[in-house]
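Only one structure is covered here, and it is reproduced in the block below.
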Amino acid sequence: MSQSKVTQQHIADALNLSRNTVSKALKNDPSMREDTKRRIMQKAVELGYTKFHQFEADEDTIRSANRIVSLLTHSDYMGNHYWSTFIKGLNTTLKEAGYSLAMTIIDIEEEREQKLPSLFAQQKPAGVIMIGPFLREYYELIERSDIASLFIDTHADFNFGMLGSDVMLVDNAYSVYALTRDLIARGHKEIGFVGDIGSCLSYRERWEGFKRALNEAGIALNESWCIINSMKRHYFNEEELTAAYTQMKHKPSAFVCVNDNIAVDFMQIVKGSGMRVPEDISITGFDNIAESMLVHPSITTVHVPKEELGMRAGEQIVWRIDHPHRPKELIRIGVNLEWRDSVRNWT
């Protein structure tokens, strides 16, 4: 039902109440039971009724009646095992708190033109969670919308002085630092990095962790062994990875890949070139998706507790909705290394 057609009578009919009762609730009549008033306010929000300013309903009452959290993402993240596990945890926490999750797909045109989802005009959600990399300008658009928001990762140019919304990240830099440091301890001195370091903050942090490990070990960074790209919203496809790997005149003994999807594809490229994994080249990933265990050899990776990440995100957005004026927060989730068959000691 469009917001221009929603009247008090529609709300009354939906709840089998009189129009007078609805009117009193929307005026925040103190003589009414709070549970009845809240039920009417919630139904009004669900139907897209937006004329609350004409009445005496206070901001807190309206906010408490709105129990929708919008999850913004791109279509290519639908069906992704990483995010489906995250959403499972998120939905569990939101349900327990009395909220409903609404998936909203943002297409490239909307993102570039900085358009809020049309759904927001019909029914402004109580909170917004964004997953998958977006352009910096779109994160800033959501921050200006005055809706409680939580970004799971953010743009690659982010710094803490730009914290205008809650941001949740896993431990990217230190975990890849530790992974690379352990590769060095296993005898690897020639190590490359593979990934789009300009697409999001997580990937940029993993790149920084990689460089730190090399620097502390006294090993010079050799970018000719790295397949990196600082472009916004760019993702290496198999053809690009193959071309870049083929053009390397000298192959390092190990590659640190920015995530498991890249690692799986890259391992097939390496094996397709006639090299063996891990006998000739060791490969690592990040995320611990199912595919990293199913391929042969299984890929050494960084385990991210995806369902727990979703649960923590749900807790944070509910807290933020209830505390809109508290200082914004940067939240880190711990991870751990998973050593598997794709790495061998190098002598």
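The values are calculated or read from the model by the stated rules, or taken from the named source; none is laboratory data. Keep in mind the model is a prediction, meaning the values are calculated, not measured. Here Cβ is always computed from backbone atoms with ideal geometry, including for glycine, and neighbour counts include all displayed protein chains. Side chains included, ligands, DNA and RNA excluded: accessible areas come from the protein's heavy atoms. Shrake-Rupley method; radii C 1.70, N 1.55, O 1.52, S 1.80 Å.
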Within region 278-301, considering residues that are among the hydrophobic types (A, V, I, L, M, F, W, C) and in contact with a strand residue (DSSP E or B) (Cβ under 6 Å, 6 or more places away or on another chain), the one surrounded by the most Cβ atoms within 10 Å (Cβ to Cβ): Phe286
Subset of region 243-258 (residues that are in contact (Cβ under 8 Å) with a residue 24 or more places away in the chain and either open to solvent by less than 50 Å² (accessible area, probe 1.4 Å) or touching a His at 6+ places or on another chain (Cβ under 7 Å) (or both)): Tyr245, Met248, Pro252, Ser253, Ala254, Phe255, Val256, Cys257, Val258
From the residues in region 175-200 that are out of contact with any strand residue (DSSP E or B) (no Cβ under 7 Å at 6 or more places or on another chain) and of a type in the set (A, V, I, L, M, F, W, C), which one is least open to solvent (accessible area, probe 1.4 Å)? Cys200
Filter region 302-318 for residues that are open to solvent by 30 Å² or more (accessible area, probe 1.4 Å) and in contact with a strand residue (DSSP E or B) (Cβ under 9 Å, 6 or more places away or on another chain); which is farthest from Ile147 (Cα to Cα)? His303
Note on Trp83: of the conditions (1) part of a helix (DSSP H, G or I); (2) open to solvent by 60 Å² or more (accessible area, probe 1.4 Å); (3) modelled with pLDDT of 70 or more, unmet is (2)
Some residue of region 133-156 being of a type in the set (Lys, Arg) and either assigned to a loop (DSSP other than H, G, I, E, B) or within 23 Å of Ile197 (Cβ to Cβ) (or both): yes
Here are Asn229, Asn222: which of them is open to solvent by less than 60 Å² (accessible area, probe 1.4 Å), over 26 Å from Thr347 (Cα atoms) and out of contact with any Cys (no Cβ under 6 Å at 6 or more places or on another chain)? Asn229
Can you tell me which residue in region 321-347 is surrounded by the fewest Cβ atoms within 10 Å (Cβ to Cβ), limited to those that are among the aliphatic types (A, V, I, L, M) and within 30 Å of Pro125 (Cβ to Cβ)? Leu330
Scan region 161-168 and tell me whether some residue there is among the polar types (S, T, N, Q), over 18 Å from Arg233 (Cβ atoms), surrounded by fewer than 19 Cβ atoms within 10 Å (Cβ to Cβ) and touching a residue at least 12 places away in the same chain (Cβ under 8 Å). no
Can you work out which of the residues in region 180-213 that are aliphatic (A, V, I, L, M) and touching a Lys or Arg at 6+ places or on another chain (Cβ under 9 Å) is modelled with the highest pLDDT? Ala213
Taking only region 113-122 into account, find how many residues are in a loop (DSSP other than H, G, I, E, B) and open to solvent by 40 Å² or more (accessible area, probe 1.4 Å). 4
